[in-house]
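J.: Please see the structure below; I have some questions.
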Amino acid sequence: MNTTADLRVAVIVGSVREGRFGTYVGAWVAKRLAAWGVDADMIDLAGVSVPATMIEHPDVTAFAARIDAAEAIVVVTPEYNHSYPGPLKAAIDTLRAQWFAKPVAFVSYGGLAGGLRAVEALRLVFAELHAVTIRETVSLHNPWGPAADTSTAYPDAAADDALRRMTHQLLWWADALHHARRRTPYPAT
């Protein structure tokens, strides 16, 4: 994949449950991005403590610095109860300006809906944070069976192609917004 600039992409694994599948999906995304020449920073929220109150915390400071350094974000999320995990919401809400004028893409997974309801809910949150969400998504439907079968190539070619298309759009937006932010500070209120 041809990138127009050295753009760091933060890959956030949004599930923190024991036995979660998100680390597998996040590793696949980060590995594919690296193969395409993209600097991917994998952030596993299971390793980030987000306090219940908005006090200064070293994990939040480090998380903020990593999001601030990223030119784009990929959120890897499962669908829990027709939405996304609470710890992901808490992590998103600890920051504000770090999200401004940055593109956000989604890789979701779940049952028959493939996590798409989680993505739709996240689009509203990121719109409020002045982020630009990418139209293309990667949706993995019932991925647990094929992933457990080592004789089957997984994710399959269709998922890989979807990730490639989404990444192409994400990098286009990352480059455009990177240059726009350098020319003129984003006028968030």
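The values are calculated or read from the model by the stated rules, or taken from the named source; none is laboratory data. For clarity, every value in this text was computed on a predicted model and none was experimentally measured. Note that each Cβ is placed from the backbone with ideal geometry, even for glycine, and that neighbours are counted across all protein chains shown.
J.: Out of region 66-102, which residues are in a loop (DSSP other than H, G, I, E, B) and closer than 20 Å to Gly22 by Cα?
T.: Glu79, Asn81, His82, Tyr84, Pro85
J.: Only one of these is hydrophobic (A, V, I, L, M, F, W, C) and in a loop (DSSP other than H, G, I, E, B): Ala105, Ala176, Ala113. Name it.
T.: Ala113
J.: Of all residues in region 93-121, which are in contact with a helix residue (DSSP H, G or I) (Cβ under 7 Å, 6 or more places away or on another chain), surrounded by 21 or more Cβ atoms within 10 Å (Cβ to Cβ) and β-branched (Val, Ile, Thr)?
T.: Val104, Val107
J.: Scan region 53-92 residue by residue and report those that are of a type in the set (D, E, K, R) and surrounded by 13 or more Cβ atoms within 10 Å (Cβ to Cβ).
T.: Within region 53-92, Asp59, Arg66, Asp68, Glu71, Glu79, Lys89 qualify.
J.: Condition test on Gly19, is it touching a residue at least 12 places away in the same chain (Cβ under 8 Å), more than 11 Å from the chain's Cα centre (by Cα) and not in a helix (DSSP H, G or I)?
T.: no
J.: All but one of (1) farther than 19 Å from Gly19 by Cβ; (2) modelled with pLDDT under 95 hold for Gly47; state the number of the condition that does not hold.
T.: Failed condition: (1).
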